[in-house]
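The values are calculated or read from the model by the stated rules, or taken from the named source; none is laboratory data. What you see is a predicted model; the values in this text were computed from it and never measured. FYI the Cβ positions are ideal-geometry reconstructions off the backbone, even for glycines, and counts take in every protein chain you see. What goes into the accessible areas is simple: the full protein's heavy atoms, side chains included, and nothing from ligands, DNA or RNA. Shrake-Rupley method; radii C 1.70, N 1.55, O 1.52, S 1.80 Å.
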Amino acid sequence: MTSLFFADLVRETSDSNGTGAFALLGPTPGHRAFVDAVPQGAAFHYAICGLTHENQREVGVGQMDSSGHLLRQPLSSSNADDLVDFQPGLKTVALVVAADWFAERDALQHQHGLDEVTGLVSALAGKQPLGSYAATLHGHSIADVSKLQQQLDGKQPVGNYALSSHTHNYWPVDGAGNLILGTGRLGIGVSSPQGALDISGPTSRFDSTGARTIRISRSGGSDSNTAVEIGRASDSWYFGVASSGPFAFSYNDPNLNSLAELYIAQNGDVYPGSNNVQKLGTAANRWSVVFAGTGAINTSDERAKCWRGAAKDREHAAAMDILAELGFFQWNDAIAEKGAEQARLHFGVRAQSVWRIMARHGLIENDCDDAAPTSRYAFLCADPLPREAGSEGGTIFGIRSEQLNAFLLAALARHIGVLSGK
């Protein structure tokens with residue numbers, strides 16, 4: 001029989017491709033590296049199984065060269081028992097006992113003693129009788145090696161697994177190449193994952209090879225203009241897209257057929273998915289402060305308006321009463337936080353008082369004391385609050401200040417004109 005080296009628990013991964021020597025990436029969990037277990041120049045059986053490309057596999061006699069690469073001589077393979085031209089992607093490389101070795105054993109078992117199988121006895125002494133390896137024998141005839149087959153029966157074949165950073169050695173892959181996850185955690189670039197999926201990438205936007213933390217692209221990763229990236233840039237994290245079109249955020253649209261709710265254009269403009277439909281904030285979730293370089297622009301094109309004209313007498317009278325309502329106030333939550341002496345003084349109206357004044361002048365049919373207040377005057381706002389933990393719901397009242405201010409300004413101008421005799 002061919003003189004071969006046997007060793008237990010030798011298995012590594014590789015991303016080499018082609019028909020040449022294989023560079024190895026290090027042992028899988030619970031296993032040893034070839035360079036730590038196999039003497040240089042010693043012949044051994046190896047098995048290469050594709051994980052990214054499951055249809056590629058090769059079993060043969062190998063040796064380790066001076067660079068720690070696997071030199072390959074196939075015995076059987078998915079390429080008609082010839083060298084496989086492996087495609088790029090992850091593979092496992094294991095030290096095994098090939099089927100040809102058993103064929104030679106069967107031919108010799110009635111002719112030779114176990115001691116004639118060069119190096120086998122010393123290699124097997126004290127080894128664990130598990131996995132696809134030669135069993136431990138102690139002075140028995142070579143016929144006892146047949147027990148090895150019994151131990152091999154029912155064992156999981158080499159390959160067709162994905163590496164695990166959890167306590168198990170492998171997570172299986174189904175026939176479609178889908179990773180079958182258990183109840184553990186998956187870590188990529190991290191030895192002790194803290195979540196169901198924990199990914200650790202470079203500390204800057206790109207590492208020395210240009211790799212990002214997470215990158216999603218189309219066209220097999222070759223189209224850099226349609227890639228979404230998540231990663232770290234200096235002291236902040238970024239989420240961005242390289243695309244000639246806008247970056248769209250969509251909700252509750254599994255087919256992505258309708259308009260998105262939010263767009264970010266290539267020039268940096270941020271705009272809603274529909275014109276004059278969506279809100280920024282809600283009655284129960286308000287923005288505290290809006291910082292801007294200039295004021296808000298409200299569409300005021302006359303072609304979009306049906307003009308009614310100046311305020312009527314009752315409206316003028318209501319406006320004068322609202323002017324008398326103007327005054328200083330402090331917000332209750334500011335007083336609770338800062339105290340009455342430190343809380344800031346604001347100037348304006350009380351929304352419910354404005355509602356009551358408008359109702360008193362017969363301009364609205366119901367006021368803020370009704371269960372469901374409504375108003376045709378857009379500067380009067382009443383929005384329902386959702387029932388949530390700690391909240392009984394109800395209505396919150398507000399004012400569109402720019403419209404109310406214009407309403408009061410018109411009334412004041414008319415009042416001054418009457419006093420001046422104009």
| Enumeration of residues in the stretch 307-352 that are free of Cβ contacts under 8 Å to residues at least 40 places away in the same chain and in a helix (DSSP H, G or I) | ASP313, ALA324, GLU325, ASN332, ASP333, ALA334, ILE335, ALA336, GLU337, LYS338
| Checking LYS305 against (1) loosely packed, with under 12 Cβ neighbours inside 10 Å; (2) over 26 Å from ASN276 (Cβ atoms), which test does it fail? | (2)
| Which is over 30 Å from GLY394 (Cα atoms), touching a Phe, Trp or Tyr at 6+ places or on another chain (Cβ under 9 Å) and at pLDDT 85 or above, of ALA311, ALA248? | ALA311
| request: Within the stretch 61-91, work out how many residues are without any contact (Cβ under 8 Å) to a residue 12 or more places away in the chain and on the phi > 0 side of the Ramachandran plot. | output: 2
| said: Here is a check on your reading of the model: is CYS368 under 20 Å from GLN403 (Cβ atoms), open to solvent by 20 Å² or more (accessible area, probe 1.4 Å) and either in contact with a Ser or Thr (Cβ under 6 Å, 6 or more places away or on another chain) or in contact (Cβ under 8 Å) with a residue 24 or more places away in the chain (or both)? | reply: no
| said: I need the full set of residues from the stretch 6-41 which are closer than 12 Å to LEU95 by Cα and assigned to a loop (DSSP other than H, G, I, E, B), in order please. | reply: PHE6, ALA7, ASP8, LEU9, HIS31, ALA33, VAL38
| request: For the stretch 28-42, name all the residues that are farther than 13 Å from GLY68 by Cα and either open to solvent by 20 Å² or more (accessible area, probe 1.4 Å) or in contact with a Phe, Trp or Tyr (Cβ under 6 Å, 6 or more places away or on another chain) (or both). | output: PRO29, GLY30, HIS31, ARG32
| Hits in the stretch 17-41 - residues which are closer than 16 Å to GLN73 by Cα and at pLDDT 90 or above | ASN17, GLY18, THR19, GLY20, ALA21, PHE22, ALA23
| query | Taking the stretch 361-386 as the region of interest, how many residues are at pLDDT 75 or above and assigned to a loop (DSSP other than H, G, I, E, B)? | reply | 16
| task | Test ILE416 against the stated conditions and say whether it is farther than 24 Å from ALA284 by Cβ and either open to solvent by 100 Å² or more (accessible area, probe 1.4 Å) or free of Cβ contacts under 8 Å to residues at least 40 places away in the same chain (or both). | result | yes
| query | Of all residues in the stretch 330-356, how many are over 19 Å from ASP383 (Cα atoms), open to solvent by less than 50 Å² (accessible area, probe 1.4 Å) and out of contact with any strand residue (DSSP E or B) (no Cβ under 8 Å at 6 or more places or on another chain)? | reply | 3
| Which residues, counting only those in the stretch 60-95, are over 38 Å from the mean Cα position of the chain (by Cα) and not in a loop (DSSP other than H, G, I, E, B)? | GLY60, VAL61, GLY62, GLN63, MET64, LEU71, ARG72, GLN73, PRO74, LEU75, SER76
